[in-house]
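First the structure, in the form of structure tokens, and then the observations on it.
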There are 2 protein chains.
Amino acid sequence: MSEESKVTYHPWEKTTELEEGITLLDGADDVGISIESLCGGEGLCGTCKVIIDEGEEHLSPVTEADERVLSDSQLEDGYRLSCRCKVQNGGEIETTVPSVSQNTGGIVLTEGNEMEFELDTTVQKYPLEVDAPTLHNNVGDRERVLAALEEEYDVDADAVDHLIQSELPNTIREDEDEEAETLSFTATVYDGEEIIDVQPGIDEEMYGLAIDIGTTTVAVYLMNLRTGDIEAVSSQVNPQSKYGGDIMTRVRYTRRNENGRQEQQDAIVEGINECIEEVTREAGVENDQIYESVFVGNTAMHHLFLGYEPSYVAGSPYVPANHAPAVVKAREIGIDINDSGYLYWLPISGGWVGPDKVSVLLVSGHYKEDEMTVCIDIGTNGEISVGNEEMMWTTSAPAGPALEGAEITHGVRAQNGSIEAVEIDPDTLEPTLGIIGGEDEPNGICGSGVIDALAQMFKTGIVDQRGQFRDEYYGHERVRKNEDEEVEYVLVWDEDTSIDGDITVTQNDIREIQMAKAAIQAGALVLMEELGIDEVDRVVLAGGFGNYIDPESAMTIGLYPDVEMDKVESLGNAAGIGAQLALLNKEARQETLNIIDEVEYYEIAGTDIFRDNFMKAMYLPHQDLDIYPRVRERVEAIREFDGSVKRGN
Amino acid sequence: MSEESKVTYHPWEKTTELEEGITLLDGADDVGISIESLCGGEGLCGTCKVIIDEGEEHLSPVTEADERVLSDSQLEDGYRLSCRCKVQNGGEIETTVPSVSQNTGGIVLTEGNEMEFELDTTVQKYPLEVDAPTLHNNVGDRERVLAALEEEYDVDADAVDHLIQSELPNTIREDEDEEAETLSFTATVYDGEEIIDVQPGIDEEMYGLAIDIGTTTVAVYLMNLRTGDIEAVSSQVNPQSKYGGDIMTRVRYTRRNENGRQEQQDAIVEGINECIEEVTREAGVENDQIYESVFVGNTAMHHLFLGYEPSYVAGSPYVPANHAPAVVKAREIGIDINDSGYLYWLPISGGWVGPDKVSVLLVSGHYKEDEMTVCIDIGTNGEISVGNEEMMWTTSAPAGPALEGAEITHGVRAQNGSIEAVEIDPDTLEPTLGIIGGEDEPNGICGSGVIDALAQMFKTGIVDQRGQFRDEYYGHERVRKNEDEEVEYVLVWDEDTSIDGDITVTQNDIREIQMAKAAIQAGALVLMEELGIDEVDRVVLAGGFGNYIDPESAMTIGLYPDVEMDKVESLGNAAGIGAQLALLNKEARQETLNIIDEVEYYEIAGTDIFRDNFMKAMYLPHQDLDIYPRVRERVEAIREFDGSVKRGN
């Protein structure tokens, strides 16, 4: 019996055991790695070449095919055709699949969801070897490099970044002595068109950033463009917040201050550069190794980052400065990545359907599915889209910050010590709490906790369908009037909190939550009305917030339409994930251009239809219980709608 | 009899008198102005529109065609279709032909030569009018502008400069109040592809620069892109001179000083910006109105200006960093024109056939003619090309600075007071002088004077064919030995000069001139040998120097091959003129790409064939008088070749 060999494939560090005679090309399949092989493993094309890092002695010898297809210096550097290279006589082998040979699907993880796609980056690196110039072959450096790219990789680039061109005579010769007959270097090409880097020798490291600029928070993901992995993440409060917490205040600031636009651009650029410093330090990556950054954010964040005049998109008729993807050299804006690298903003569909929304749609994909879906991105503005492959409408609803725990008496940001889950015993009205970080003494209640609390108070009958405390519970020790004569429910007694006093949910808190959820719910209902539908097949929650709320509680208060519970799905921070996807896959990037053509925006602000729906949506879960049959059933399993608890449940 | 009208066409300010009933379109022909008229004057296409500045009352009324083709605001602004607009009842009319309606050949003057070409600039301005956005038509600003360009002018641009995009929402609205139903602005488009400016209202002013960076001198021409006129010229000593007088010293400086490349780039950029300040001030033009600058210079000047590593093009195998035209945003280099404008370097054929040489060939055009031509650009390096439409060889000969008056005992730059022409009486040996500026007392002798003097001394027999003073003239008062025991000819006696002492031409001076002319002559002879020809049909002198030398004297000493005198032509500063041409005419620019493909470079340095030819070329005009039959004839009309003067001539 033949011995098995242990082969580890880099850069993924995936290991498999192969029987004698199996090629490294075939072995890669075992661990889900797909190596390019245009000739079908016939040893003709060279696209399957790999580098043998360790264990050459456990492989079949170099073949004629290797010698024919690979250059001398590649052979010296340990390159082999993986289709010709068989394991033999056992032992351990380490091999690196260079990015040019990779044909592998990457994976983005979203809190339990996986998304598969092909790794096909806009930035590509190509190791090249050209004849050194002689008096009889003294074509210029630029033309020599471009011709080699075309010949060896069929890449028809015709531009060289100015800064790269300046140093080109040095970089292509740096790795060689004066007598060398060949020059060896690696060209980095953007979108198959422009050389944005040239490095001596073989250097296949390349990184990119996916950046999500929220009105409140900025998140920067450092991604390895060879593997698709996230190497590090950093986030911070959007430094433009000092010019206003919301979009309109920031836009007004640009109008009222001569340099307001520049100031806000400088602030966000500085903030992002701080995040970049953090992720590069954490991952041990040089700024120069980052060749592209894909951005998402709403249209105002887009304009303010790029320094575009934001006034006209902020007011009627909401005209953006552009729809097309903004593609700008990093050095034009001062983002600390490779000077010749690019910043790429996903496109804008319309005034309020910005790159963030386009990114969410890219990830949710429901614009190309049969199922009728509501997709909700909860934030200060709730971004809502309803539709399927036939038709897609989208709108923006003014939810305010209550769902994120703001403007709530004991509301706090989600953090260690905050109450994130609440269950109330229908008999005793005693609550059971889930506290972030497993702390004993809570410091307040965060968004998901508030939604849970209200849903439980409704289910147990403490509040009625209008969100009002029922009179009959007054006198229960946990339902009382506070100093302001306002009714409230005591979630935690003073002695069990880390703050000074009880943690309660007041009548006013409930009103805030009702208004916030009603705005989002009404937005969805208006779009459904526009589409002529009464119900949807699926609910998709985008935004980090969707990961934390209890989907049943959210449906109980009517945050979104009534569907089967297993039809509620959370995408995590879909906007940021879409940016990652667009960074790693050209086709996905192209797809965003289709999205902006297909999506229609419905402006609900100030319309009668929104006002009507909003009034009805103030109820829990809605004035018309017929459209919430599943919620009704779940509530009625506990109590009658007059509030009386069904004892024994 | 009908009255005649007087019509003045702007921007040329050309005036003509037209009989009643003649259209402004037809009238333009009278003064050599060609107005676009795609529909052939049928009032359909609108391409012939002009603006009536004065005298509307002397024109036929607005027609239905005007109303159909022109927009309301164009009519308000005085636009009319020139094909529909007839003069009537006499009077004076002033009309402006906007650049979009111009189809006119421009003219570049070169010291008596004229060059006609169509004015077809890479930069174009397009007045536009678009519907103001509404809630039902709220497409983004960028897409609105690009669509209008496509629709109104069939210009399929797809890029907007980042800086222009930033301000786009403001600029397109600046000229209108909030209630306006249309927005009116002018878009400036580069090469039909990228919007590089947007201005409110109608603004058709546009300028460009043609810049000739010589090793010694920089010249900047400010050109009106609407008319093709030179508005102002400025020149200065190349500020890189402080890093070395010649190319090799400057290149060595970059190798020996860490920031040497940057220093030299900074120096030339600063110098050019000073010239730009001068020409804009003189012409009353704003820097922002300059949208492009076309550059010529040798390959080293090209590399040092752009900040490219120059080491490898300076030494064997003379590989330039690039051949393709360098096209760089002005702001990347810091040239003070419109920030979104472009710098465009003509392409490089090979190491020593740089943009300057390509430019000279563009102007001389002899690579596409039947006649076999020698083209010589005299400078420290003599740039020589020989060929015709079949084949073209070019080389560079190390002439040194003697022909420009340097390294000559009484040599001076061409300036007021310097001797530029010399005639010597064969009987008395008394000279007659031509002095620049008509001054009485000369201060020295400039390049053209030195060539004249030597030619005259040879013709009159003072020196023999080897350039040596003949013994028999010793003793003549003007032929004497100086303090260094060196023979010299006295051109001007002390008392008649503005300097301290006589002005003379020494034996050493003659040697310097011989070596300089021999290098150029030998270069041409080598190329002729390579082409297998004994004689040429035509001699073309490029470079400012060619304007000043006496063509017969230059041929007499053998600076170039023997041809009929009327076949010697001076192009003036052909390199600079080529830059102007490439600035004004896209086709000419395209043509330079053909030139670099067709021209072959012959490296003569260190070759035996050059050495042999150089030795023979040291003679006056050449060792072999058979190849200078016309010179021989002219000399023999005065004297025998033994030096004895033919009395009575």
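The values are calculated or read from the model by the stated rules, or taken from the named source; none is laboratory data. What you are looking at is a predicted structure, and each value in this text was computed from that prediction instead of being measured. Because the Cβ atoms are built from the backbone with ideal geometry, glycine has one as well, and the counts that use them run over all protein chains shown.
The residues in the stretch A:312-322 that are surrounded by 18 or more Cβ atoms within 10 Å (Cβ to Cβ) and facing another protein chain (nearest Cβ under 7 Å) can be counted, and the count is 6.
When restricted to residues that are more than 15 Å from residue B:99 (Cα to Cα), touching a helix residue (DSSP H, G or I) at 6+ places or on another chain (Cβ under 7 Å) and in a strand (DSSP E or B), the stretch B:119-159 contains 2. Taking the numbered list (1) away from every other protein chain (no Cβ under 11 Å); (2) modelled with pLDDT of 95 or more; (3) under 20 Å from residue A:381 (Cβ atoms) in turn, residue A:344 passes all entries but (3).
Between B:333, B:378, B:408, B:384, the distinction of being within 14 Å of chain A (Cβ to nearest Cβ) and either polar (S, T, N, Q) or touching a residue at least 12 places away in the same chain (Cβ under 8 Å) (or both) belongs to B:333 only.
Of the numbered criteria (1) within 14 Å of chain A (Cβ to nearest Cβ); (2) closer than 27 Å to residue B:47 by Cβ; (3) modelled with pLDDT under 95; (4) crowded, with 20+ Cβ neighbours inside 10 Å, the one residue B:157 fails is (3).
Can you tell me which residue in the stretch B:257-311 is farthest from residue B:196 (Cα to Cα), limited to those that are of a type in the set (S, T, N, Q), in contact (Cβ under 8 Å) with a residue 60 or more places away in the chain and away from chain A (no Cβ under 14 Å)? Step by step, filter the stretch B:257-311, then rank; the result is B:298. Would you call residue A:201 away from chain B (no Cβ under 14 Å) and crowded, with 23+ Cβ neighbours inside 10 Å? So residue A:201 fails the test. The number of residues in the stretch B:239-263 that are part of a helix (DSSP H, G or I) and more than 30 Å from residue B:225 (Cβ to Cβ) comes to 17.
Among the residues making up the stretch B:589-602, those that are surrounded by fewer than 21 Cβ atoms within 10 Å (Cβ to Cβ), more than 18 Å from residue B:528 (Cα to Cα) and more than 14 Å from chain A (Cβ to nearest Cβ) are B:590, B:591, B:594. Pairing each residue of the stretch B:124-137 that is closer than 18 Å to residue B:195 by Cβ and within 14 Å of another protein chain (Cβ to nearest Cβ) with any residue that is among the small types (Gly, Ala, Ser) and surrounded by 12 or more Cβ atoms within 10 Å (Cβ to Cβ), provided the two are 6+ apart or on different chains, yields C-beta distances under 6 Å for B:130/B:148. With respect to the conditions (1) under 23 Å from the mean Cα position of the chain (by Cα); (2) acidic (Asp, Glu); (3) surrounded by fewer than 17 Cβ atoms within 10 Å (Cβ to Cβ), residue B:292 falls short on a single one, namely (3).
Scoring residue B:605 on the criteria (1) within 14 Å of another protein chain (Cβ to nearest Cβ); (2) over 15 Å from residue B:382 (Cβ atoms) leaves a single failure, condition (2).
Candidates are the residues of the stretch A:162-181 that are at the interface with chain B (Cβ under 10 Å from one of its Cβ atoms) and assigned to a loop (DSSP other than H, G, I, E, B); the one that is nearest to residue A:330 (Cα to Cα) is A:172. Would you confirm, using the coordinates I've provided, whether residue B:401 is within 14 Å of another protein chain (Cβ to nearest Cβ), modelled with pLDDT under 95 and more than 19 Å from the chain's Cα centre (by Cα)? Against the criterion (within 14 Å of another protein chain (Cβ to nearest Cβ), modelled with pLDDT under 95 and more than 19 Å from the chain's Cα centre (by Cα)), residue B:401 does not qualify.
Kindly establish whether residue B:211 is within 13 Å of another protein chain (Cβ to nearest Cβ), crowded, with 23+ Cβ neighbours inside 10 Å, outside any loop (DSSP other than H, G, I, E, B) and of a type in the set (A, V, I, L, M, F, W, C). When the stated conditions are applied, residue B:211 does not pass them.
Hey, any hits in the stretch A:362-369 for a residue that's touching a helix residue (DSSP H, G or I) at 6+ places or on another chain (Cβ under 8 Å) and in a loop (DSSP other than H, G, I, E, B)? No, there is no match, as no residue in the stretch A:362-369 is touching a helix residue (DSSP H, G or I) at 6+ places or on another chain (Cβ under 8 Å) and in a loop (DSSP other than H, G, I, E, B).
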